[in-house]
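Right, one structure below, let's go through it.
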Amino acid sequence: YIDSLGLNEIETVELAEKLGFVKEARDIVKNENAVTLHAAGEKIMQVLKLRRLHIHNLGYHLILLKKPVDGHKIAHQVNAALYGSLAATSRALNGREITRGDLETALQVSVSESALHQMTRFAAHQSLSRHRAEHALLTGTFDVGNHVLLIIPGQVSPITRRTVGLGDVLSSCSFLAGL
């Protein structure tokens, strides 16, 4: 029984296609952004009956959390995604298993601004009221029907000594930190 899944954007396209969501998969390929990734993620989450879906992308994370979800759980998931991003950045920088010292070095890499652009794009797509848009842009938290969507900035390592397994590090560290 699985109730949480972590995917990158390519895996999201593949899974959406396999589940029959061809339009959503094509939309991502044509114009990958928070709106298209969320549309596919929402359908994947519903069909697989997931409570949590984490789609990680270059520079930002989308985390869909099935309601009900409280503010503490949301904050915990944000911190977990930031930790996962830090762990993956550390691995990219050093090309080996990560250590506590490596994590401190990875803290020198700033988060990507692309998440801020994705939040703005998603808020515009949702046609939110001014008050709701301001709150969503400030927190990265969007109330979307039967789930909450988090758009969280991620780090992008300026140097990559190793890319194999970065998504696995990111997904597994985010998942474990979020327990």
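Things to note:
- For segment 102-179, the residue among SER171, LEU150, SER127 whose Cα projects farthest onto the positive side of the dipole built from Cβ charges is SER127.
- Residues of segment 1-32 with amide N under 14 Å of the 7 Å Cα→Cβ point at LYS66: 1-5
- Computed over segment 1-52: relative contact order in percent, which uses C-alpha pairs under 8 Å that are six or more apart: 46 percent
- In this Cβ point-charge picture (+1 for Lys and Arg, -1 for Asp and Glu), segment 30-126 has a dipole of about 480 debye about its Cα centre.
- Pairs of lysine residues in the chain - Cα separation under 24 Å, sequence separation of 8 or more or cross-chain: 14
- Prolate/oblate/rounded label for segment 1-66 (Cα gyration tensor, a/c 1.5): oblate
- Against the rule of thumb 2.2 N^0.38 Å, how large the Cα Rg of segment 135-179 comes out: 1.51
- Counting DSSP beta bridges with both ends in segment 1-88, the antiparallel % (nearest 5): 55 percent
- Averaging the sequence gap over all C-alpha pairs within less than 8 Å and six or more residues apart, then dividing by the number of residues, gives the chain a relative contact order of 30 percent.
- Taking a point 7 Å from the Cα of LEU103 along the Cα-to-Cβ direction, none of the residues of segment 150-171 has its backbone N closer than 13 Å to it.
- For the residues LEU93, LEU19, LEU103, a GNM of the chain with alpha-carbon springs under 10 Å puts the largest fluctuation on LEU19.
- Radius, Kirkwood style, for segment 83-159 when every pair of distinct Cα atoms is counted (Å): 13.9 Å
- Here the extension length gained between SER172 and ASN31 equals 48.1 nm, from 0.36 nm per residue of separation less the Cα-Cα distance.
- Mean Cβ neighbour count within 10 Å, used as a protection proxy, ranking 159-168, 118-127, 39-48 highest first: 39-48, 118-127, 159-168
- Spin-label pair ALA124/LYS23, simplified geometry with 7 Å Cα→Cβ offset, distance in nm: 2.3 nm
- Rounded to the nearest angstrom and listed largest first, the equivalent-ellipsoid semi-axes of the chain from its Cα gyration tensor are 25, 19, 16.
- Solvent-accessible surface of the chain, averaged per residue with a 1.4 angstrom probe and all protein chains in place: 54 square angstrom.
- Based on C-alpha pairs under 8 angstrom that are at least 6 apart in sequence, segment 23-72 has a relative contact order of 25 percent.
- Estimated from helices alone, the mean residue ellipticity of the chain at 222 nm is -17500 deg cm²/dmol (sum of -39500 (n - 2.57) over DSSP H runs with n ≥ 4, per residue).
- Part-to-part distance (alpha-carbon centres) for segment 37-98 and segment 125-174, which is given in Å: 7 Å
- Carbon and sulfur %, accessible surface of the chain computed with the full protein complex present, 1.4 Å: 56 percent
The values are calculated or read from the model by the stated rules, or taken from the named source; none is laboratory data. Bear in mind the structure is a predicted one, so any value in this text is a computation, not a measurement. When we count neighbours, we look across all protein chains shown, and the Cβ atoms used for this are built from the backbone with ideal geometry, even at glycine. Accessible surface is based on the protein model in full, side chains and every heavy atom, while ligands, DNA and RNA are left aside. Shrake-Rupley method; radii C 1.70, N 1.55, O 1.52, S 1.80 Å.
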